[in-house]
Structures are given as structure tokens and as C-alpha cells.
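The values are calculated or read from the model by the stated rules, or taken from the named source; none is laboratory data. Treat the numbers as computed from the prediction; the structure is a model and nothing was measured. Here Cβ is always computed from backbone atoms with ideal geometry, including for glycine, and neighbour counts include all displayed protein chains. The protein model used for the area step is the full one, side chains on, heavy atoms only, and it has no ligands, DNA or RNA in it. Shrake-Rupley method; radii C 1.70, N 1.55, O 1.52, S 1.80 Å.
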Amino acid sequence: DEKRRLQTRFIGAHWAPSVLAAVATARALGATWDACADALACLEPFPGRLGTLRLPNGANLLRDEYNGSFASFEAALVVLEEARCRRRIIAIGHIRDTPHFGADGPEEVGRRSAGVGDVLLFWGAFKERYRSAALAVGANPDSVVLFDTQPEMAEYIRRETGDGDLILL
């Protein structure tokens, strides 16, 4: 019988069920709407789970590096696709689980990346498979960059990105 607007620091609609469950539980235990709103407003996302970090060069990093699961990658792609920014950059290494794609998981990661990212930065064991799949669906070869190490990728990001760029890590 009531409507309330609550502000969180969580990025992405996929967090809505968790936030609603937390609020429903808190309300059932007697918390006021104001207490719920105050708690949600200051709660930070778990580190490495779609939190943001502004880099010194002006680019924004969308951090989703914790655990590297395909499910979180899919949710992060939706956030990246809906973002208003100059360029969408995807920087990934190994995605741990691609259960419904089996052996073709790296190819699916490459295809999905190409469908969202303006620039694709790949490193790790599957970098060549990511690249091949991205190119197969029309990614610009000049926009796909491979790295042998994470520090090389980090240096590229420091040097080649700037204000208005959103980087999914």
C-alpha cells in the first residue's frame, strides 16, 4: 500500500531482487523506510562486483573482476550496453564457467564482447579464441588488442583511454 524510491550504489538492474529481498526482510523485522533508505544509500558493492573506479586519466573502470564467472559477465555486458559513454571498452582474461556453452564458451565470450564493446582487450589462455570469435561476427580488427600479461593490458589502458571511456574489467 506504499511506494518508496530508494537509492543504492549498486550498478545494474540485476541487483533489484537482492535489494528488494533485503528491504522486505528489514521491514518485516521492524525497520522503518527511512532506516532502509539510509542503509542502502551508504552500502558499497562488494569489491570487484560491478563497482566503479575513476582512473587518473579520466576513464571509468567498471570493476567485475572478482571470480570471473560467465553469469556476472553477462550482467556486466547489459550494464555496459546501457551506459552513456564515449567508448565501451572490454578488458577480459579467463572467464571461469561457461556451462551452457561447454567447449565453445570462449567463442561465446568473444561474440558477446564484439556485440557490445567498441574496443576489446584480451589476455590469458583464451585470448586468441576470443579474438577469432569477435572477428567472425564483425569486430574491427584494429579494435581487438591481445596481451600476454595483465600489466601490459593495464599499461595500454593507462596510455590509450581517457575521459568518457567506460572500461569493463
Between a residue in segment 9-24 that is under 14 Å from Ala75 (Cα atoms) and any residue that is open to solvent by less than 80 Å² (accessible area, probe 1.4 Å) and in a helix (DSSP H, G or I), which pairs come within a Cβ distance under 6 Å, given they are 6 or more apart or on different chains?
Ile11/Val79; Gly12/Ala75; Gly12/Val79; His14/Ala75
State the number of residues belonging to segment 1-54 that are within 26 Å of Ile167 (Cα to Cα) and open to solvent by less than 60 Å² (accessible area, probe 1.4 Å).
13
Ile95 versus (1) exposed (fewer than 15 other Cβ atoms within 10 Å of the Cβ); (2) modelled with pLDDT under 95; (3) touching a helix residue (DSSP H, G or I) at 6+ places or on another chain (Cβ under 8 Å): which is the lone unmet condition?
(1)
Is there a residue in segment 110-131 that is out of contact with any helix residue (DSSP H, G or I) (no Cβ under 7 Å at 6 or more places or on another chain), assigned to a helix (DSSP H, G or I), closer than 29 Å to Pro56 by Cβ and open to solvent by 10 Å² or more (accessible area, probe 1.4 Å)?
yes
Out of (1) within 24 Å of Phe46 (Cα to Cα); (2) outside any helix (DSSP H, G or I); (3) of a type outside the set (A, V, I, L, M, F, W, C), the odd one out for Gly138 is which?
(1)
For residues that are part of a loop (DSSP other than H, G, I, E, B), open to solvent by 50 Å² or more (accessible area, probe 1.4 Å) and not hydroxyl-bearing (Ser, Thr, Tyr), scanning just segment 58-85, find the one that is farthest from Gly117 (Cα to Cα).
Asn67
Criterion violated by Gly164 - all others in (1) modelled with pLDDT of 95 or more; (2) open to solvent by 70 Å² or more (accessible area, probe 1.4 Å) satisfied
(2)
